[in-house]
Structure formats: structure tokens, C-alpha cells
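Visitor: My questions will all concern the structure given below.
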Amino acid sequence: MEISAAGRLEVRITTADVGKRVSVRCLREPGTSTEKFTDTVGVLTSWDSGVLVITRKSGSSVRIPESSLVAGKVVPAAPARRRGPAASYEELARVAARAWRPVESERLGEWELRAAEGFTRRANSVLPLGDPGMPLDEALTAVTRWYGERGLPAYVQTATGAEGTQEMLCAELERRGWVREVTAELWIGGLAPVADQDASVEIVPTRNVDAAWLARYQRKGVGEVALKVLGGGPSVWFASVPGATAGAPPAAIGRCVVDGRWAGFAAVEVDPAQRRRGLATAVMVALARRALEEGASAAWLQVEEDNAAARGLYSGMGFAAHHAYHHYRQPPASESGSGLG
């Protein structure tokens with residue numbers, strides 16, 4: 001907190017600081033806690049009618065009455081990482097997009113509209129990396145129309161928690177009634193520490209996904225469009241651990257896309273009956289070693305907030321969260337013409 005020369009806390013932010021990352025301290029409401037103050041760090045996304053709205057790294061928003069402010073200051077846009085590769089949000093967003101390609105896309109200014117007949121939100125959402133070239137309301141109308149023509153609800157993928165992320169866009173979408181449905185995190189780390197892990201079994205990665213691999217994949221009813229998405233990317237590899245018996249689905253699977261210095265891991269899944277045997281680690285080790293051979297040095301993956309087992313595994317391999325990402329769905333009232341029922 002900012003402290004004056006006289007030792008008093010001071011509020012050193014104003015409405016002119018909307019859009020900046022801030023740290024504020026405010027009085028708690030009486031009876032809500034034994035603590036007198038509460039601290040909040042995030043992007044100041046609005047300050048209207050005596051109320052501040054701050055969007056945290058997680059994407060959640062906090063409303064703070066101006067009258068409760070005790071101290072506040074502008075802080076650096078993003079804390080420095082203590083370990084792992086340096087990377088900007090935009091670089092990672094583009095790498096992740098190339099690793100999970102849609103079957104159809106169209107530009108709207110610097111936004112990319114992506115569609116894959118509904119197979120995953122990532123392949124069926126707008127990636128807004130810049131200016132759409134028109135006012136936001138017009139852009140969202142065009143987005144809703146484009147997805148409606150394809151019988152799909154409109155989604156916008158945003159990010160929070162790093163320099164260059166889209167807290168302001170998140171706030172604007174929420175003001176317009178768009179609903180945040182899914183939040184996950186993108187984690188990054190060095191590739192060599194993954195490849196250096198001890199593997200319980202030897203695995204040889206392959207270029208093509210086969211019926212056995214798909215039998216373990218959690219998304220059922222995978223069709224031609226899904227296969228195009230899974231197989232798309234600069235350099236795609238698949239790995240699997242054979243099942244316990246002949247003809248059984250694999251005990252574990254994984255996918256990796258090598259793109260320059262980056263190796264992106266996805267679809268790491270293990271038979272529930274064979275967990276805690278190091279099979280997920282074995283899959284990632286095999287894929288990481290292949291990615292190192294292709295010249296990659298850094299790694300990324302996406303993990304949901306409530307997947308404690310996966311977060312523990314990845315943390316032990318040296319991964320750490322870089323930013324959170326979210327999918328906002330169009331307001332329910334605007335879905336009547338989408339044909340989804």
C-alpha cells in the first residue's frame with residue numbers, strides 16, 4: 001500500500017487509472033469478518049457512480065464502494081516470473097491457437113472467428129487479439145450473426161492475469177450480458193525438466209491418431225471434424241500406453257504439438273483404474289523427448305481450475321500458471337435464432 005511521509009495510508013488512484021493494474025485496501029463491511037481490511041489486486045475495469053470494479057487474475061470481478069477505500073496505488077502490469085521461459089500473452093495465445101485449429105475461420109479486423117461444427121469451445125470461439133475494426137457492439141452483432149449462420153452459439157475467448165490480457169473486454173462483455181461459462185489456466189515451463197523425468201514405461205510417439213487412442217479420449221462420438229482438429233498443427237505427435245489386456249483401450253494417452261520453441265501438451269488422459277502409476281508422466285516424457293529432438297525448449301499446457309491431480313503433476317514438472325483464459329457465451333436472449341434449440 002502507498003504510505004505518505006507522515007506514515008498514513010493514501011489513495012493514489014483516480015478514475016484516470018481505469019484500465020491499469022491496481023492494488024487497493026478497503027474497509028470490510030461490519031460483521032463479515034474478524035479482519036478490518038481487505039486487499040484486492042487486479043485491473044481497474046470501471047469506476048462509475050462511486051463504485052470501483054476490479055477484475056482479478058482469475059477473471060472474477062470485485063465491486064468496491066469508493067467510500068470504503070483506505071489506500072490504493074497503480075502496480076506493474078504483471079509480476080515478473082521467477083522461473084520458466086519468458087513469454088507474452090499474445091505469443092502464447094497464437095501458439096495455442098495454431099495447436100488447436102478450427103476447420104473454418106474468418107477475420108474481423110484483428111479478431112479471428114473460428115468454427116469446427118461445435119467440437120470444443122476453443123475451436124468454436126472468437127480469438128480477439130486486437131481491434132475488430134469497428135465499435136464493440138457492432139463487432140459482437142457480427143460475431144453473433146456469423147455463428148448463428150452456422151447453427152452455433154457465439155463464444156469469445158478472453159484472458160486475464162498477464163501483461164496484455166483482456167480484463168477490459170471481459171468487463172464489457174459482462175456489462176452486455178455475456179456469460180462466462182468456462183475458466184482454465186495456461187501453464188508454461190521448461191521442456192527439458194519434463195523430458196528428464198523417470199518414465200515407468202517406454203513409449204514411441206506416432207504421427208497419426210488411431211482408433212485405440214480415440215477409445216481412451218474423453219470426448220465421445222469423435223467425427224471427421226474432430227479428427228481434423230486433433231491432427232491440425234505445425235508438428236503433431238500422439239502417444240499411448242497399451243491397455244492391460246489385448247483389445248482394451250490404452251491405459252493412457254497424450255497429444256503434443258511442436259511449434260518453434262514451444263511444445264504444447266493436451267489430451268493427457270489415464271484409465272481411472274490405472275492412475276498413480278506414473279502413466280501420465282510416461283506419456284509426457286515420450287512426447288517431450290520427441291519435441292526436444294525437433295528443437296523445442298519451452299512447454300505449455302492448459303489445465304482446469306478444479307483438476308487438483310493434474311495441477312499437482314504439472315507443478316512437480318516445473319510448470320506454473322501464466323494466465324487464465326475464459327469463454328464468454330452470447331446472452332441467452334440473442335440465441336433464439338441460432339437453431340440450437
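Visitor: In segment 284-304, is there at least one residue being under 30 Å from GLU172 (Cβ atoms), modelled with pLDDT under 95 and acidic (Asp, Glu)?
Guide: For segment 284-304, residues under 30 Å from GLU172 (Cβ atoms), modelled with pLDDT under 95 and acidic (Asp, Glu): present.
Condition check ((1) small (Gly, Ala, Ser); (2) within 11 Å of MET168 (Cα to Cα); (3) within 26 Å of the chain's Cα centre (by Cα)) across all residues:
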residue: VAL18; (1), (2), (3): no, yes, yes
residue: SER23; (1), (2), (3): yes, no, yes
residue: LEU27; (1), (2), (3): no, no, no
residue: VAL41; (1), (2), (3): no, no, yes
residue: ASP48; (1), (2), (3): no, no, no
residue: THR55; (1), (2), (3): no, yes, yes
residue: SER58; (1), (2), (3): yes, no, yes
residue: ALA71; (1), (2), (3): yes, no, no
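Visitor: Condition first: open to solvent by less than 60 Å² (accessible area, probe 1.4 Å) and more than 17 Å from LEU169 (Cβ to Cβ). Now tell me which residues in segment 123-154 satisfy that.
Guide: ALA123, ASN124, TRP146, TYR147, GLY148, GLY151, LEU152, PRO153
Visitor: Please find, among GLN218, GLN166, GLN157, GLN197, the residue that is of a type outside the set (Lys, Arg), open to solvent by 40 Å² or more (accessible area, probe 1.4 Å) and under 23 Å from the mean Cα position of the chain (by Cα).
Guide: GLN218
Visitor: Do we have GLY190 as modelled with pLDDT of 90 or more, in contact with a Gly (Cβ under 9 Å, 6 or more places away or on another chain), surrounded by fewer than 19 Cβ atoms within 10 Å (Cβ to Cβ) and not hydroxyl-bearing (Ser, Thr, Tyr) here?
Guide: Yes.
Visitor: Also, quick follow-up: Kindly establish whether VAL204 is farther than 30 Å from LEU44 by Cβ, assigned to a helix (DSSP H, G or I), over 21 Å from the mean Cα position of the chain (by Cα) and modelled with pLDDT under 95.
Guide: No, not satisfied.
Visitor: Tally the residues that are within 15 Å of ALA286 (Cβ to Cβ), more than 25 Å from the chain's Cα centre (by Cα) and aliphatic (A, V, I, L, M), restricting the search to segment 238-259.
Guide: Qualifying residue count, segment 238-259: 2.
Visitor: OK, next. For segment 56-105, which positions are within 29 Å of GLY118 (Cβ to Cβ) and either among the β-branched types (Val, Ile, Thr) or part of a helix (DSSP H, G or I) (or both)?
Guide: Answer for segment 56-105, where residues must be within 29 Å of GLY118 (Cβ to Cβ) and either among the β-branched types (Val, Ile, Thr) or part of a helix (DSSP H, G or I) (or both): TYR89, GLU90, GLU91, LEU92, ALA93, ARG94, VAL95, ALA96, ALA97, ARG98, ALA99, VAL103.
Visitor: Here is a further query. I need the full set of residues from segment 60-85 which are at pLDDT 90 or above and over 19 Å from GLU29 (Cβ atoms), in order please.
Guide: Residues satisfying the conditions are LYS73, VAL74, VAL75.
Visitor: Now for a separate question. For ALA184, are the conditions met, namely being of a type in the set (A, V, I, L, M, F, W, C) and assigned to a helix (DSSP H, G or I)?
Guide: The answer is no for ALA184.
Visitor: Can you name the residue in segment 142-166 that is of a type in the set (A, V, I, L, M, F, W, C), modelled with pLDDT of 95 or more and not in a helix (DSSP H, G or I) and is also farthest from SER125 (Cα to Cα) among such residues?
Guide: By that ranking, first place goes to ALA159.
The values are calculated or read from the model by the stated rules, or taken from the named source; none is laboratory data. The shown structure was predicted, so the numbers you read here are calculated from the model rather than taken from an experiment. Please note: Cβ atoms are built from the backbone with ideal geometry, for glycine as well, and neighbour counts cover all protein chains shown. Each accessible area value is taken on the protein alone, full model and side chains, heavy atoms only, with ligands, DNA and RNA left out. Shrake-Rupley method; radii C 1.70, N 1.55, O 1.52, S 1.80 Å.
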